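Following: one structure in structure tokens, then a few remarks.
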Amino acid sequence: MKPSRVPANLGAMLLLGVALAYVGVLVLLPLLVVFVEALRSGVGAYLEALSDPYAHSAIRLTLMTAAISVPLNLVFGVAASWAITKFDFRGKNALITLIDLPFAVSPVISGLIYLLVFGAQGWLGPWLLEHDIRVVFAVPGIILATTFVTFPFVARELIPLMQAQGTDEEVTALSLGASGWQTFWLVTLPNIRWGLLYGVLLCNARAMGEFGAVSVVSGHIRGLTNTLPLHIEILHKEYNPVGAFATAALLAMLALVTLITKSLLEMRHPELRQGVARQR
Amino acid sequence: MSIDFERISKRYGELTVVNDVSLHIASGEFFVLLGPSGSGKSTLLRAAAGLTGIEDGRILFDRRDVTHVPARQRGVGLVFQHYALFRHMTVGENVEFALRVRGVKHADRARRRNELLQLVALDDFTNRMPGQLSGGQQQRVAVARALAHEPAVLLLDEPFGALDAQIRVELRETIRQVQRRLGMTTILVTHDQEEAFALGDRIGVMHNGRLLETGKPEMLYRHPATRFVATFLGAANLFLGELSAGGLKLGQAQIAAADSQRASGHGEAVTVVRPEDIELADSEARLHSTPLCSGHVQSLSFAGGVQRLRVQLPGDSAVQSAVNLANAAPLVLEVTRNSSEQLQLALNAGQRVAVGVRRVHLLPTPISSFRILADSAQDASQLRNSPLLNQLATSMRARIIDSTASSGEGNVTQGVAVLAADSRAIPTIAAALARGTQRLLCIPAGAPLPRRVVICTDSDAARPAALALVASVMRHLHAEATFVSVQSPAAPRGDVAGSFRRLLDTRAELLESHGLDVRTDLQVGALDDWLARLAASEEQTLIVLGVAGDAAQIEATLTQRFQPLLGGRCPVLLSCSHAPVATLGAAGAMASAQEPDQQLIDGAE
């Protein structure tokens, strides 16, 4: 049944009003405040805040983190979805549950896990110290924590899509003489490409915005281990509202670009919205 | 390219989906695997394509073992029910796929693509996407795609299943023409018998993972060997008839030898009468065929060229159904009449008619029916509900008849007598033997479904009949059979060697004439002791015991040697051969005396 275009009666209008007000107060207003506050002292102050070398280093680190963790999760996500949907094996359900784990666990705990494993007092700490490898309070720790937190996005997007598509096409490709690799590149990948892009975008948005887990393992060393979200927090704590809001506006912009791309994708490929495959 | 399946078995955990299937398909043949869903036919096809592994057996292409060759190297063309076209490729790209992955040059690919699309009459659709085509067109693309790499084998898995009736017929024609022109060996899997008849050079009918029968369509339709095939391939009326020197007796009617296929032998036989072989007339005098009985028209329906009727026989009719009827329901015949018959005699529902049969076919099964011998109705219902009898009767579609001595049906000598294995078993068996019964199933109270079947005979003379019976039973049990020979410890060396030879002979014989493989086992001891121990054990075993002799001799044998066996936990199937007891070594001379049983072996169910 298609929804009717205009709310028909008072009840429906009331419901719509409540929903709009809710979104307005909780989502739209704060976003607006970010941009308003950022530009309060004029464009000059805004640009100055962004030209701060610490801000530059934070932007660089954030982009680098995303550039490493997103491809990692892309490869893992495709491999895991392929394995889960095209094969039957023992421990399949365990794998599905494990993929969901980062969603279920608080990001702070995700960070603490790495602290406990790689920190100076952690399991591998003494060995790492001996070999002069720094993981925690350094860039590798930030990348690990971000990768962990953004782990499920690609796989979660692909699994329902690939489940709905089934294995008939792959089986046919095999019977027609294609190798496993050819089957993947010629048949599977083209079928999932839009879903994959969608998952990567979501994954990227989260990778750039992650605060909790990164905060725990970063050590907040200015110019070295501060990502954009951490940098914003520091500026805020230092009573530098212009700097904080200017940087926040930049991060919000990145998120908005991601969202807009995602919406454009959804408009072109409505099936992504439902998270299921195109009709056969 | 010829295809051989050699003793293929496929299991999913506990479930055996393909059970010991052997099949030869000649080069260029169009073979149809027919069966209800879940019969294992698709699994067998997927095994041929290399898409599913098998636990046992070999698959040969042109006598070359391809069991472990991966799917992509088998060079078969495969078409699925749901087309499985590559949805992001155009029709042309779909057809070219097999050539593309083989690195064929673009120009050659295009030429082959055009040829193939022409073959399936879709040359104008090269640049369309699959989603823009109708179901029938998509399936034609799938067929063209499967042919691109010139496979020697074409495998079709319910290719018409998702199509409308008319498109189905058209595509059927296309596939038949393409197959004829290219001469590919083709296997089609379907559950639709009309499709099987229209396309198959030969048909193989599968049921419960077993390949029951193979043959040319008309052969299978006219002369099925099993109840399942008789009823699955078209409609069939199954009766219990009694065969004697004078011919076949169906109820009160005596059918001359010329009308029936196998007019020799004696005893109860399952009789198949096709709906079109039944004649209806307003009085018996006007029948052109052998009168069977009278009845009245229950219902009629229009079915294009023919008229379908259901004719109900009166409750006291002497004609007996070979399949189970709901509680005391009257026997209803399925009849079809062609247009000239309809013109000669118009019929209305409720009208009385005389029923005649033009042609009958007798099934060669040794188990024509199960007849329960019990003292009370309670005992009878307990037997009727036992898991073993239930499984056998349901799977065979055989009828269970209460046949206590008082009911007047006790004089029928054939079928399998079913009785409780308790202290009163031996007198009951003796009485049944005296009436001429040859096969008896003794079921202890509460016996579970057997997981294993053990076969022993007390002499070589008893063996052929016992093996025919085992072959028939094994088709309907998911169990493993072992033929056991028990050797006295004091036996001279020559006897031991003879026992070994007999085991191997038996195995070969079963495989040869029944397509059934058994394990063999040689035990040391006395047969009766060994069996008594087995019967008393917890193992869920069906013991098949073959004994030979006249009624009195067998009764004596049972009383003296096998009494403990009939009081044990295991069900016992007795096969009694009414022949003078042969001494060892004289088995060859027994062959002629065993005529009726030998005949039963050939197509045992």
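Details
- Residue within region B:173-185 that is within 20 Å of B:LYS216 (Cβ to Cβ), outside any helix (DSSP H, G or I) and either within 12 Å of chain A (Cβ to nearest Cβ) or among the β-branched types (Val, Ile, Thr) (or both) present: yes
- A:LEU124 falls short of the stated requirement of being more than 10 Å from chain B (Cβ to nearest Cβ), without any contact (Cβ under 8 Å) to a residue 12 or more places away in the chain, within 30 Å of A:GLY219 (Cβ to Cβ) and out of contact with any helix residue (DSSP H, G or I) (no Cβ under 9 Å at 6 or more places or on another chain).
- Residue check, B:VAL101 within 30 Å of B:ILE54 (Cβ to Cβ) and touching a strand residue (DSSP E or B) at 6+ places or on another chain (Cβ under 6 Å): no
- Yes/no for A:THR183 being touching a strand residue (DSSP E or B) at 6+ places or on another chain (Cβ under 7 Å), closer than 30 Å to A:ARG268 by Cα, within 12 Å of chain B (Cβ to nearest Cβ) and open to solvent by less than 10 Å² (accessible area, probe 1.4 Å): no
- Lone unmet requirement of (1) crowded, with 17+ Cβ neighbours inside 10 Å; (2) under 22 Å from B:ILE429 (Cα atoms); (3) of a type outside the set (Ser, Thr, Tyr) for B:HIS514: (2)
- Reported count of residues in region B:346-387, each being charged (D, E, K, R) and part of a strand (DSSP E or B), is 2.
- Qualifying residue in region B:192-206 (condition: in a loop (DSSP other than H, G, I, E, B) and acidic (Asp, Glu)): yes
- Each residue in region A:210-237 was checked for being surrounded by fewer than 23 Cβ atoms within 10 Å (Cβ to Cβ) and not in a helix (DSSP H, G or I), and 8 pass.
- Only a single item in (1) within 14 Å of another protein chain (Cβ to nearest Cβ); (2) open to solvent by 50 Å² or more (accessible area, probe 1.4 Å) is not met by A:SER175, and it is number (2).
- Scanning region B:1-24 for residues that are charged (D, E, K, R), at pLDDT below 85 and either in contact with a strand residue (DSSP E or B) (Cβ under 8 Å, 6 or more places away or on another chain) or surrounded by 16 or more Cβ atoms within 10 Å (Cβ to Cβ) (or both) returns a single hit, B:ASP20.
- The one condition in (1) within 30 Å of B:GLN118 (Cα to Cα); (2) in contact (Cβ under 8 Å) with a residue 60 or more places away in the chain that B:PHE197 fails to fulfil: (2)
- Within region B:503-559, tally of residues that are free of Cβ contacts under 8 Å to residues at least 40 places away in the same chain, over 30 Å from B:ILE8 (Cα atoms) and assigned to a strand (DSSP E or B): 1
- If you go through region A:190-206 and keep only what is closer than 21 Å to A:ALA67 by Cα and open to solvent by 10 Å² or more (accessible area, probe 1.4 Å), you end up with A:ARG193, A:TRP194, A:LEU196, A:LEU197, A:TYR198, A:VAL200, A:LEU201, A:LEU202, A:ASN204, A:ALA205, A:ARG206.
- Search result, residues across region B:220-234 that are part of a helix (DSSP H, G or I) and crowded, with 19+ Cβ neighbours inside 10 Å: B:LEU220, B:TYR221, B:ARG227, B:PHE228, B:VAL229, B:ALA230, B:PHE232
- Listed by position, the strands (runs of 3 or more DSSP E) enclosed by region B:28-143 that each have at least 2 residues that are at negative phi, away from every other protein chain (no Cβ under 14 Å) and of a type outside the set (Phe, Trp, Tyr) are B:30-34, B:56-61.
- Output for region B:344-384, where each listed residue is among the β-branched types (Val, Ile, Thr) and touching a residue at least 60 places away in the same chain (Cβ under 8 Å): B:VAL353, B:VAL355, B:VAL357, B:VAL360, B:THR365, B:ILE367
- Top-ranked residue in region B:144-157 [being under 36 Å from the mean Cα position of the chain (by Cα) and of a type in the set (Gly, Ala, Ser); ranked as nearest to the other protein chains (Cβ to nearest Cβ)]: B:ALA146
- B:GLY204 without any contact (Cβ under 8 Å) to a residue 40 or more places away in the chain, of a type outside the set (Val, Ile, Thr), assigned by TED's automatic domain parsing to the domain that holds B:LEU163 and within 13 Å of B:LEU23 (Cβ to Cβ): no
- Residue check for A:GLU210: without any contact (Cβ under 8 Å) to a residue 60 or more places away in the chain, among the charged types (D, E, K, R) and assigned by TED's automatic domain parsing to the domain that holds A:PRO107: no
- Flag if B:GLU279 is in the same structural domain as B:GLN307 (by TED's automatic domain parsing), within 19 Å of B:LEU313 (Cβ to Cβ) and modelled with pLDDT of 90 or more: yes
- Any chance A:PHE87 is out of contact with any Asp or Glu (no Cβ under 6 Å at 6 or more places or on another chain), open to solvent by less than 90 Å² (accessible area, probe 1.4 Å) and aromatic (Phe, Trp, Tyr): no
- When region B:175-215 is filtered for residues that are hydroxyl-bearing (Ser, Thr, Tyr) and under 22 Å from A:SER175 (Cα atoms), the ones remaining, listed by number, are B:THR185, B:THR186, B:THR190.
The values are calculated or read from the model by the stated rules, or taken from the named source; none is laboratory data. Fair warning: this is a prediction, and the values are worked out from it, not measured in the lab. As a convention, Cβ positions derive from the backbone with ideal geometry for all residues, glycine included, and neighbour counts pool all protein chains shown. To get the accessible areas, we keep the full protein, side chains included, count just its heavy atoms, and leave off ligands, DNA and RNA. Shrake-Rupley method; radii C 1.70, N 1.55, O 1.52, S 1.80 Å.
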